[in-house]
Each structure stands twice: as C-alpha cells, then as structure tokens.
Amino acid sequence: MSAPLIACVPNFSEGREVRIVEAIIAAMKLDGVRLLDYALDAGLNRSVVTIAGEPQAVLEAAIRGAGKAAELIDLNRHQGEHPRIGATDVIPFVPVAGIRLEQCVLLARQCGQEIWKRFNIPSYFYEAASTRPDRQSLDELRRDQFETLRESVRTDSKRRPDIGGPNLHPTAGASAVGARNYLVGYIIYFKNNDIAATRAIAREIRQKQVKAMPMVTGGQAQLTMNISDFNVNPISALYAKILQLAQKHRIEIASSEIVGLIPESACERDCEWMRHLNGFVPSDKILERRLEKPLEWPRA
C-alpha cells in the first residue's frame, strides 16, 4: 500500500509583490513536502499555492506559511477584487492517495489550533471540517470580508471564529481552514466588461458543485469558478452552457484558464474548452505529472 499523500492549496492575500509570495512559499519548504504550483493574480491581489506530501509535513508547512504571511501581509492596506478575511485566506487539505477525507478533517482542525496557538490568528472551519451547517460554505464565511467581520465578531456571537478570538488578528485577520476533495479552479474571460451579463450567467450556473463569482479586472469581465465534483459536472458541459448563456446575453468568450492544477481525470482532451485554455502545458498543469516533477522552492 502506498504511503498517504495529501495536497494543501493555501490562498494568500497578495498577488502583486512576487518577493512577498516567494518568501511565504520558502517558509513552507520542509522535508517530505513538494511544491507543485503557485500563481499570482494582480487584479485579485491574491496568490494560490499547491503543495503535496506526507500529511504531517504538509500540515506543518501550511502552518509555517500562515505565520510568514502574517508577518508580511497587512489586510488594512490590502486592496483587491477577491473577497478575503485573512492574510492566509483559506487553507484546504485535500486527500490525494492512501488517505480519507475524514483524516484531512482532523488535519484541518489541528491546523486551526496551531495557527491560533503560535500566531494568534483565529480560524473558521469550512466544508468537510465545518462544525456548524451554516459554515460549510466558504462564500458564507467570507460574505462580510475582513473590514466588516472584525467589527461583527465583537457584537455577534454567531460570527465569532471556531478557534481563537473572539477578535480577529489586527493585520492578518482570520483563516478559513477546511478539508475537501480536489476541485478545479476555472476562469472564463469575456471580451468586454459587461458585469451585469456576467452576474446573470453566474446565477444561472451556480449549484452545489459549482461556485461562480463574477468580477471585472483590468477592464475585462471574468467568471471565476470552483468545480468541486467534475464527475457530476464535466467541464465540457459547463463550458457549453456558459457559451449558450453568453450568446443569450450578447457577450463573447475571449479565453479561459485553469487556476492551479487539474487532475488527469478532469481533462477532456478533444473538447473545445481545453483547446481554448491560455498556456495549458500538461506537464505544468496536470496534478499527477507535477507530482512526478515538482517545482524548485524559491530561496528565502
């Protein structure tokens, strides 16, 4: 039986300063942990990092990354299009091989306890790690954003963190720590900035396994999606529906991209959506291939 393997995909509220993001990543370098991917988005002012390896080593790497982010990111000065509650905004643990989702829940709970103990950063548990039904959804946890949440936790007990607090960290906010199966991050860009049409499309495609967020960055409308079960919702079917809705609302798809990595089983090689991806290189973007040839760690 193969050794247990998990992934962790922390999202940090910094997407413009490469030196800051690479310093955070360098803090996560540990024996038994592989760096699979990282990407910065200046418009969203957000970065997404993917690491994988032995469960306890990945857990420790995520904790150290949260600590370094708290040193380097001040949410009071942060501006970006993406909703956020923390310098390390989300920390999801994902089973890859030889481990169950329930075990990743335990890792998520341990992570929340440790970042509070070491750095005074409180945590909310979401998805499979949630302790309350109203906190399963990441969208619900982040609906207030940092500026509003830091006030509401003082007066509304329902908004207080699961671990730590009741106040948020003054500069690093709070983190949403969770456990989930592997999801695909997928963005479609449109040829204009018609946010009203993009919002309408988002409303029509949202469902339990598809989260959709409309926004405008750099004068261009985009639809950012998280697809949590690509077996139930193949990306080809989702793309076809969005294409139909775009025609209905008289806007045109310009391009698309995968955020982070995609499992081999989610790829549909002969489908239109894959032909339209920006800069899709299988050796760089497919999870299983990147596991075989991970990235070099940035220097501290």
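The values are calculated or read from the model by the stated rules, or taken from the named source; none is laboratory data. Since we're looking at a predicted model, the values are computed, not measured. A quick note on method: Cβ atoms are made from the backbone with ideal geometry, for glycine too, and the neighbour counts reach across all protein chains shown.
Residues in region 24-45 that are in contact with a Leu (Cβ under 8 Å, 6 or more places away or on another chain) and over 15 Å from E296 (Cβ atoms): I24 only.
Of the residues making up region 126-153, those that are within 20 Å of A108 (Cβ to Cβ) and polar (S, T, N, Q) are S130, T131, Q136, S137. Only one of the listed residues (R299, R269, R289) is among the basic types (K, R), farther than 21 Å from P83 by Cα and either touching a Phe, Trp or Tyr at 6+ places or on another chain (Cβ under 7 Å) or touching a residue at least 40 places away in the same chain (Cβ under 8 Å) (or both). That residue is R299.
In the set (1) in contact with a Gly (Cβ under 8 Å, 6 or more places away or on another chain); (2) aliphatic (A, V, I, L, M); (3) without any contact (Cβ under 8 Å) to a residue 24 or more places away in the chain, the condition left unmet by A196 is number (1).
Scanning region 171-183 for residues that are at pLDDT below 95 and among the aliphatic types (A, V, I, L, M) gives a single hit, L183.
Give the residue that is farthest from the chain's Cα centre (by Cα), with candidates limited to residues of region 1-29 that are part of a loop (DSSP other than H, G, I, E, B) and surrounded by 19 or more Cβ atoms within 10 Å (Cβ to Cβ). Among residues in region 1-29 that are part of a loop (DSSP other than H, G, I, E, B) and surrounded by 19 or more Cβ atoms within 10 Å (Cβ to Cβ), the one farthest from the chain's Cα centre (by Cα) is A27.
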